[in-house]
1. Would the stretch 162-179 turn up any residue that is polar (S, T, N, Q) and under 22 Å from Leu41 (Cα atoms)?
2. Take the residues in the stretch 108-125 that are at pLDDT 95 or above, open to solvent by 50 Å² or more (accessible area, probe 1.4 Å) and aliphatic (A, V, I, L, M), then tell me which one is nearest to Met147 (Cα to Cα).
3. If I filter the stretch 250-264 down to residues being open to solvent by less than 50 Å² (accessible area, probe 1.4 Å) and in a loop (DSSP other than H, G, I, E, B), which single residue comes out as nearest to Val37 (Cα to Cα)?
4. Among residues belonging to the stretch 265-278 that are more than 11 Å from the ligand (Cβ to nearest atom) and open to solvent by 60 Å² or more (accessible area, probe 1.4 Å), point out the one that is nearest to Ala192 (Cα to Cα).
5. Within the stretch 56-93, which residues are in contact (Cβ under 8 Å) with a residue 40 or more places away in the chain, within 19 Å of the chain's Cα centre (by Cα), within 11 Å of Arg39 (Cα to Cα) and open to solvent by 10 Å² or more (accessible area, probe 1.4 Å)?
6. How many of the residues in the stretch 96-154 are touching a Lys or Arg at 6+ places or on another chain (Cβ under 7 Å) and more than 16 Å from the ligand (Cβ to nearest atom)?
7. With respect to Ile155, is the statement that it is of a type in the set (A, V, I, L, M), assigned by TED's automatic domain parsing to the domain that holds Ile196 and not in a helix (DSSP H, G or I) true?
Amino acid sequence: MSPSQTPPSPPASDPSRPLAGKCALVTGSTSGIGLGVARALAAQGADVVLNGFGPPDAIAKAQDEIRESFGVSTAYSAADMSDEDAIAKMFEMITEGGTRRLDILVNNAGVQHVAPIEAFPPEKWSQILAINLTAAFHTIRLALPSMRTNGYGRIINVASAHGLVASPFKSAYVAAKHGLLGLTKTVALETAEADITCNAICPGYVFTPLVEAQIDGQAKAHGISREAVVRDVLLAQQPNKRFASVDEIGALAAFLCGPLSGSITGAALPVDGGWTAH
Ligand code: NAD
């Protein structure tokens, strides 16, 4: 990770930039929802640390675009969220041994694997639990000291509609996302008096590379077209019959980090077009 050269953040008193001066880490932010959330927080003035995998030039381009569009600083960590030591090193770098602040933590990195439970590869189970659930335990425990010192913190766990309801063939993902909601509630209770909030966003289907891969996989498995997978498999559950957008998720994340959200904690907020209202 290396902080990039940037203009200094404008003062926090600018009402159009309520997160100015705050530092946000968004895991899994080289793509999809995480990148959208990072952009939404930067648009409100937060300096952002990106994390995730991908071609170095694409990651550098994403950082440039965020810096130039929003006048914030950016940094990047390639830490593997399934690796406890790598997560600890990322925090050392972000906080420079506890001397720099971390205000906002968005646990977003996630992976998926779809298979009936009898055929579910045990190594995929372990990987999904590690990235989608255990990583959040590590990042939260490492972020809280800085947040408690500052008397302010916002933690957002990107769970899923699959944190609230199940679908077949997604045993590890559904178990991890349900677990993430339990972790969210526990952290909210432990931090409520410190002006630290912890909430979960529960998206329905959002069109990202993670979903794109499922469309291809299901089309092959069922011998049907991609359009039929979208209509009859994915959006069959989603009453508004459209994908949620990355910008919709980003807007909610930005609100949850802003000045008027301090009483919202321990919540699981669906952005699913009515799916979990069933
Ligand atoms: P995506 O595949 O576009 O992005 C995933 C991100 O996580 C990427 O930046 C990737 O590099 C990163 N990542 C993967 N493994 C990692 C690891 N071991 N260490 C560090 N980074 C890693 O996926 P997305 O759809 O944007 O998903 C983001 C989150 O949203 C996930 O937690 C996912 O479960 C959740 N979600 C997605 C949808 C959807 O429909 N797309 C719906 C509900 C919840």
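The values are calculated or read from the model by the stated rules, or taken from the named source; none is laboratory data. As the structure is a computational prediction, the values presented were derived from the model and not from experiment. Every residue, glycine as well, gets a Cβ built from its backbone with ideal geometry; the counts of neighbours run over all protein chains shown. Accessible surface areas use protein heavy atoms only, side chains included; no ligands, DNA or RNA. Shrake-Rupley method; radii C 1.70, N 1.55, O 1.52, S 1.80 Å.
1. Among the residues of the stretch 162-179, not one is polar (S, T, N, Q) and under 22 Å from Leu41 (Cα atoms), which makes the answer no.
2. Filtering the stretch 108-125 for residues that are at pLDDT 95 or above, open to solvent by 50 Å² or more (accessible area, probe 1.4 Å) and aliphatic (A, V, I, L, M), the one nearest to Met147 (Cα to Cα) comes out as Ile117.
3. So, considering only residues that are open to solvent by less than 50 Å² (accessible area, probe 1.4 Å) and in a loop (DSSP other than H, G, I, E, B), the one nearest to Val37 (Cα to Cα) is Gly258.
4. Ala277
5. Across the stretch 56-93, the qualifying residue is only Gln63.
6. So the answer is 4.
7. Yes.
So that you can scan it fast, the table gives a plain yes or no per residue for (1) assigned by TED's automatic domain parsing to the domain that holds Glu118; (2) open to solvent by less than 10 Å² (accessible area, probe 1.4 Å); (3) part of a helix (DSSP H, G or I); (4) free of Cβ contacts under 8 Å to residues at least 24 places away in the same chain:
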position: Ala135; (1), (2), (3), (4): yes, yes, yes, no
position: Arg141; (1), (2), (3), (4): yes, no, yes, yes
position: Phe169; (1), (2), (3), (4): yes, no, no, no
position: Lys177; (1), (2), (3), (4): yes, yes, yes, no
position: Lys185; (1), (2), (3), (4): yes, no, yes, no
position: Asn199; (1), (2), (3), (4): yes, yes, no, no
position: Cys202; (1), (2), (3), (4): yes, yes, no, no
